[in-house]
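Accompanying notes for the structure given below.
The values are calculated or read from the model by the stated rules, or taken from the named source; none is laboratory data. Predicted model, so just to flag it, every value in this text is computed and none were measured. Here the Cβ is made from the backbone with ideal geometry for all residues, glycine too, and neighbour counts use every protein chain on show. Remember, those area values only see protein heavy atoms, side chains included, never the ligands or the DNA or RNA. Shrake-Rupley method; radii C 1.70, N 1.55, O 1.52, S 1.80 Å.
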Amino acid sequence: MSVLSTSPRKHVAWLFESARYAYSDLPATRIRIGDEWHTQTYEELHARVQQIAAALINAGIERGDRVGLLASNMPQWTQIDLATATIGAALVPLYSTSTPDQIVHICADAGVKIMFAGDEPQTKNVLEAAKELPELERIISIAQVDGTENLESFAPFVDPNEERAEAIRGRLEAADPKDIFSITYTSGTTGDPRGVVVSHKAMFAQLEALDQFFDLSPNEHSLCFLPLSHALERGWSAFVMACGCMNTYVPDTRKVADLLVLARPTMLVSVPKLYETVLAEAKRKVAKSAVKKAIFKWALQVGGQMQKSNTKGKKPRLWWRVQLPLANKLVFKNVREAFGGPKTLLA
């Protein structure tokens, strides 16, 4: 059950406050660095968000100001997103692959005042773009990039000596559902990226819609691999937070297959392309053997009939149910293991 109904206001910052109290000691974020998992509880996440919020206030960011973010998926992405909402500013997320020209266009169009960059290549793209962005006041690099002018490191930026608890509380009290939550830009594949203004009220409506379809418990955990700059992943990740679940971040989408097995998520949100790619790869692997190809085709038919009946709320025909264990042994078991899913068969 989510905390959407207990949030004092239809505002993402207030929703996070509710999540923090409801799920305090539960794991909120997880990322794999080297051979180790690094996990952060909801209470720890809240403390970090407060630090970043204080740093943004100290940097002169006012309600309604635009904060840019160009980074791959990582816990810091969510921390910056929530901190921006907490102080009443609007986040402008950029795709991690954005070129300097795209950065210039988006930041100038949105009026970005401060910019966070992820790794070293992303930081260099921002620095290149900054030459044509006189309104961009500060650039903060999450990566450790030394010896560069007009660049600040994330760690010292978010650890200000001056606490701003009272100022942060004042920003929260001033929060309004009509405030701008985000200006989200299209990918720019069909021309210059175009920004969509999303209010906190609109974001809340999306989360409430998800709440009608999914009943998640804090025991669930999701794999965050679509870009958080994409409205689908960002909305889903916010809903995951509202339900007290853990989010495991995938900074490099090329490693999603490995992380599926390592993380063993109970859920993820995806676009059709992932499933098309998985199916195409499975077909490729059996293409050279007529027997394997026939078995794969038969298994898909069995699974399809089972799924069709289950979707309609009907019990599958006995004819299909008796074939399912063999289809599972020969095909489905391997597919589930590749996705990191449960090893048990759900008939």
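Taking A110, A28, A257 as the candidate residues, the one with maximal mean-square fluctuation in a Gaussian network model of the chain, Cα springs under 10 Å, is A257.
Surface composition of the chain: carbon and sulfur atoms hold 54% of the protein heavy-atom accessible area at a 1.4 Å probe.
When the charge dipole of segment 8-162 is built from unit charges on Cβ atoms (+1 for Lys and Arg, -1 for Asp and Glu) and taken about the Cα centre, the candidate among G34, M74, I139 whose Cα reaches farthest toward its positive end is M74. Is segment 201-301 best put as rounded, prolate or oblate by its Cα gyration tensor, with a ≥ b ≥ c the root eigenvalues, rounded for a/c under 1.5, and otherwise prolate when a/b is larger than b/c, oblate when not? Prolate. With a ≥ b ≥ c the root eigenvalues of the C-alpha gyration tensor of segment 225-264, is it rounded (a/c under 1.5), prolate (a/b larger than b/c) or oblate? Oblate is the answer for segment 225-264, as a/c is 1.5 or above yet b/c matches or exceeds a/b. Here are some pairs, K113/K178; K10/K308; K273/K312; K288/K329; K255/K283; which of them have Cα atoms lying more than 28 Å apart in this structure? Cα-Cα > 28 Å for K10/K308; rest within. Here the chain is assigned +1 on the Cβ of each Lys and Arg and -1 on the Cβ of each Asp and Glu. Its dipole about the Cα centre then comes out at about 3080 debye.
The helix-based estimate of mean residue ellipticity at 222 nm for the chain, built from -39,500 (n - 2.57) per DSSP H run of four or more residues and divided by its residue count, is -14000 deg cm²/dmol to the nearest 500.
Under the convention that each Lys and Arg Cβ holds +1 and each Asp and Glu Cβ holds -1, the size of the dipole of segment 218-347 around its Cα centre is about 880 debye.
The largest accessible area among W320, W77 belongs to the first residue in W320, W77, and the rest follow in falling order (1.4 Å probe, all chains). Given a 10 angstrom Cα cut-off, can you work out which residue in K288, K113, K178 is the most mobile in a GNM of the chain? Its mean-square fluctuation being the largest, the pick is K288.
Hull surface divided by four, with the convex hull built on the Cα atoms of segment 268-339: how many nm²? Dividing the Cα hull surface by four gives the mean projection, 5.5 nm². For the chain, what's the relative contact order in percent, using C-alpha pairs closer than 8 Å and at least 6 residues apart? Relative contact order of the chain: 18 percent.
Largest GNM mean-square fluctuation across N125, N334, N73, computed for the chain with C-alpha springs under 10 Å, falls on N334. For the chain, the alpha-carbon coordinates run over 68, 43, 39 Å along the three principal axes, in decreasing order.
Accessible area of E137 (1.4 Å probe, protein heavy atoms only, ligands and nucleic acids ignored): about 110 Å². Of the listed residues T84, T266, T190, the order by accessible area with a 1.4 Å probe, largest first, is T190, T266, T84. Probing with 1.4 Å while keeping every protein chain in the model, the per residue accessible area of segment 106-238 equals 52 Å². Here segment 201-270 is assigned +1 on the Cβ of each Lys and Arg and -1 on the Cβ of each Asp and Glu. Its dipole about the Cα centre then comes out at about 200 debye. Counting only heavy atoms of the protein chains and using a 1.4 Å probe, E135 has close to 120 Å² of accessible surface. The accessible-area ordering, largest first, of the residues H38, H221, H105 stands as H38, H105, H221, per a 1.4 angstrom probe.
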